[in-house]
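Enquirer: Quick one: the structure is below, and I'll ask about it shortly.
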Amino acid sequence: MVENLRLARRMLQIKESGTLKAMSKAKELQAKGIKVIQLDVGEPDFPTPINIIKSAEKAMENGFTHYTPSAGILELREAIANKLRGENGLNVNKDNIIVTPGSKQAIFYAIMALIDEGDEVIIPTPAWPSYMEIVSLAGGRVREIPSYFKLNIEGIKEAINDRTKLIIINSPNNPTGYVMNRNEIKALAEIAMDSKIFVLSDEIYEKLIYEGEHISIGSIPGMEEITLTVNGFSKTYAMTGWRLGYIAAPKPIASAINKLQQHSASCAASFVQMAGIEALNPNTPVKPMIEEFKRRRDYICSALEKLSWFKIHKPNGAFYIFPDISSSGMNSDEFCDMLLEKLAISTTPGSIFGGYNKNIRISYANSMENLKEAVLRIEKLIG
Ligand SMILES: Cc1ncc(COP(=O)(O)O)c(C=O)c1O
């Protein structure tokens, strides 16, 4: 770089995405002709349902290819508000909804809209690393609260002080697949209401639940004023590449988020928003995908449980498992490197999800055939 010309100081705060880094290592080997089994990716390996594709095609053919209102097209915002009222028990209408290009963008806006320099944000871990990075970018301070397969209510209470502004939760969880139960959600809601702290609830894996129920914290009476609910189309409808998500927030926050979008992305792609309306149609076939994920979860858990290196905590949701691999004598980074170099299996180290050095994340969003092949390779190595 030219002398005295530097990146903005805020760039010193953020790290590269660990999940995307793991994926790019795998792609490098694939380019050399090595058949890498990718158990790193956080995206369904299913095609987007055809009714959704057709509706986007139709929208494009009909010339629906221009800017839309920044908050999103009215019909989609109404359809989302309907869904959130009917399925999630949220007291919202279209004015609370902002449609975004992916739910990650919604999370980015929410944190930018709420967090000032020095504000503290509580994040139960293991957690998706982008939360931590975006909070740092906003100048906030992350307070990670270890919550391994159980929400650490006491830890959260102890971490609260007069700078605490926000708690970020994610159920079902990436990377563990853990689904929070009603008691945990209620206890957290009480803390947030008593201490007047916002809650950002990332519900992107909501439909991928195999046992138990999904509870939106925003449905607890009194929470509507302080809850921001994020969801999207990537996981439920296998639409990762379409980039479509949304946030439901109290009106003053929704309007701040809308301003951020006006001055950055402008809007989500117009024909993609039309496809979003179609996706929310109850006839969209999502059940077969969910049933297949359950079958794969059962298989991978029971196959790896038999191997001495893996301590499995069978999760109720999402499409990840987060085994403890410490009995191998390796830490999470060493273990992932070993799997990639020796067996051409790509996974994600637990270290990036809040310092879980004893765990790795395995995504079973891959075919049964590939999962079986991966297990075979590991069995051969362990002997
Ligand atoms: C917990 C969590 N939230 C949000 C996202 C982002 O999803 P989207 O594709 O809607 O931006 C992901 C994607 O991996 C995720 O795991």
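Enquirer: Evaluate the relative contact order of the chain (contact order divided by residue number), counting alpha-carbon pairs under 8 angstrom at least 6 apart; express in whole percent.
Expert: 24 percent
Enquirer: Within 10 Å of each residue's Cβ, count the other Cβ atoms and sort Arg85, Arg361 from fewest upward.
Expert: With the sparsest Cβ surroundings first, the list reads Arg85, Arg361.
Enquirer: Sticking with this structure for a sec: Under 20 Å from a label point 7 Å along Cα→Cβ of Met1: give me every residue in the range 139-156 with its amide N that close.
Expert: Label zone hits: 139.
Enquirer: Now, a different point. Pick from Ser136, Ser55, Ser17: which residue has the top mean-square fluctuation in a GNM of the chain where Cα pairs under 10 Å get a spring?
Expert: Judging by the Gaussian network model, the answer is Ser17.
Enquirer: Please arrange Leu228, Leu114, Leu260 by counting, for each residue, the other beta carbons lying within 10 Å of its beta carbon, fewest first.
Expert: Going from sparsest to densest Cβ surroundings: Leu260, Leu114, Leu228.
Enquirer: Okay, next question. What does the extension gain come out to for Leu137 and Met338, with contour length at 0.36 nm per residue minus their alpha carbon separation?
Expert: Using 0.36 nm per residue and subtracting the Cα-Cα distance, I get 69.1 nm.
Enquirer: Over the residues of the chain, compute the C-alpha Rg and express it relative to 2.2 N^0.38 Å.
Expert: Ratio of Cα Rg to 2.2 N^0.38 Å: 0.99.
Enquirer: Only helical DSSP H runs with n ≥ 4 go in: add -39500 (n - 2.57) per run for the chain, normalise by residue count and round the 222 nm mean residue ellipticity to 500 deg cm²/dmol. Can you show the working numbers first?
Expert: On the way: 12 runs with 151 residues, N = 383.
So the helix-based figure for the chain works out to -12500 deg cm²/dmol.
Enquirer: While we're looking at this one, here's another question. Which value, to two decimals, describes the C-alpha radius of gyration of the range 129-176 once divided by 2.2 N^0.38 Å? Could the numbers behind the result be given before it?
Expert: Working: Rg = 11.4 Å, N = 48, 2.2 N^0.38 = 9.6 Å.
Rounded to two decimals, the normalised Rg is 1.19.
Enquirer: What is the distance, in nm, between label points placed 7 Å from the Cα along the Cα-to-Cβ direction at Lys196 and at Asn161?
Expert: Placing both labels 7 Å beyond Cα along the Cβ direction yields 1.9 nm.
Enquirer: Here's a follow-up. If we count other beta carbons within 10 Å of each Cβ, what is the order of Val286, Val230, fewest first?
Expert: If I rank by nearby Cβ atoms, fewest first, I get Val286, Val230.
Enquirer: Related question: For the range 307-383, just the Cα set please: Rg and Dmax, both in angstrom.
Expert: That works out to 11.8, 32 Å for Rg and Dmax.
Enquirer: May I pose another question? Among Gly241, Gly354, Gly139, which one shows the biggest mean-square fluctuation in a GNM of the chain, springs joining Cα atoms closer than 10 Å?
Expert: The residue with the greatest mean-square fluctuation here is Gly241.
Enquirer: State to the nearest 20 debye the size of the charge dipole of the chain about its Cα centre, where the only charges are +1 on K and R beta carbons and -1 on D and E beta carbons.
Expert: Working: 44 positive and 44 negative charges, 104 e Å.
So the dipole magnitude of the chain works out to roughly 500 debye.
Enquirer: Same structure again: Measure out, as a whole number of angstrom, how far apart the alpha-carbon centroids of the range 160-226 and the range 53-116 sit.
Expert: 21 Å
Enquirer: When DSSP beta bridges are limited to those with both residues in the range 66-279, what percentage is antiparallel, rounded to the nearest 5? Before the final figure, lay out each step's value.
Expert: Values: 8 of 26 bridges.
Here the share of antiparallel DSSP bridges comes out near 30 percent.
Enquirer: Please list the radius of gyration and Dmax for the range 134-269, considering alpha-carbon atoms only, with Å as the unit.
Expert: According to the Cα coordinates of the range 134-269, Rg and Dmax are 15.4, 43 Å.
Enquirer: Continuing with the same structure: Write down Rg/Rh for the range 86-190, rounded to two decimals, with Rg from the C-alpha atoms and Rh from the Kirkwood relation over Cα pairs.
Expert: Reported Rg/Rh, Kirkwood definition of Rh: 0.96.
Enquirer: Counting other C-beta atoms within 10 Å, and keeping those with at most 10, which DSSP coil chymotrypsin sites (Phe, Trp or Tyr not before Pro) do you find in the range 28-124?
Expert: In loop regions of the range 28-124 (DSSP not H, G, I, E or B), the sparsely surrounded chymotrypsin sites (Phe, Trp or Tyr not before Pro) are Tyr67.
Enquirer: So if I take the centroid of the Cα atoms in the range 331-358 and the same for the range 256-308, what is the distance between those two points in Å?
Expert: Result: 25 Å between the Cα centres.
Enquirer: What translational D, rounded to a whole number of µm²/s, comes out for the range 206-252 from Stokes-Einstein when the hydrodynamic radius is the Kirkwood one over Cα pairs, at 37 °C and 0.692 mPa s?
Expert: For the chosen part, D equals 265 µm²/s.
Enquirer: Within the range 154-233, list the trypsin sites (Lys or Arg not before Pro) lying in a DSSP loop whose Cβ has at most 14 other Cβ atoms in a 10 Å radius. Numbers along the way, then the final one.
Expert: Working: sites: Lys157, Arg163, Lys165, Arg182, Lys186, Lys196, Lys207; in loops: Arg163, Lys196, Lys207.
In loop regions of the range 154-233 (DSSP not H, G, I, E or B), the sparsely surrounded trypsin sites (Lys or Arg not before Pro) are Arg163, Lys196.
Enquirer: Now for a separate question. If I model a spin label as a point 7 Å beyond the Cα along the Cα-Cβ vector, how far apart are those points for Asn357 and Glu78 in nm?
Expert: My value for the distance between the label points is 5.6 nm.
Enquirer: Would you please put 92-99, 28-35 in order of how densely packed they are, using the mean number of other Cβ atoms within 10 angstrom per residue and starting with the highest?
Expert: With the highest mean Cβ count within 10 Å placed first, the list reads 92-99, 28-35.
Enquirer: Next question, about the same structure. Indicate, rounded to the nearest 5 percent, the antiparallel portion of the DSSP beta bridges found entirely in the range 190-320.
Expert: The antiparallel proportion sits near 55 percent.
Enquirer: Which percent, to the nearest 5, of DSSP beta bridges fully inside the chain are antiparallel?
Expert: Around 45 percent antiparallel, to the nearest 5.
Enquirer: Can you list the chymotrypsin sites (Phe, Trp or Tyr not before Pro) in the range 124-174 that are in a DSSP coil and have 14 or fewer other beta carbons within 10 angstrom?
Expert: Hits after loop and neighbour filter: Phe149.
Enquirer: Take the cross-link list Lys165/Lys287; Lys25/Lys207; Lys58/Lys251; Lys157/Lys311; Lys25/Lys235 and give me the ones stretching past 26 Å between alpha-carbons.
Expert: Table pairs above 26 Å Cα-Cα are Lys165/Lys287; Lys25/Lys207; Lys58/Lys251; Lys157/Lys311.
Enquirer: Could you give log10 I(q)/I(0) at q = 0.10, 0.13, 0.20 Å⁻¹ for the range 205-312, computed by the Debye formula over C-alpha point scatterers of equal weight, without solvent?
Expert: So the normalised log intensities work out to -0.46, -0.71, -1.16.
Enquirer: Compute the length gained on full extension between Lys186 and Arg10: take 0.36 nm times their separation in residues and subtract their Cα-Cα distance, giving the result in nm to one decimal.
Expert: 59.8 nm
Read the figures in this text as sums done on the coordinates, not as results from a lab. Bear in mind that the values here come from a model prediction, so they are computed numbers and not experimental data. Heads up, the Cβs are rebuilt from the backbone with ideal geometry, glycines too, and the neighbour counts pull from every protein chain shown.
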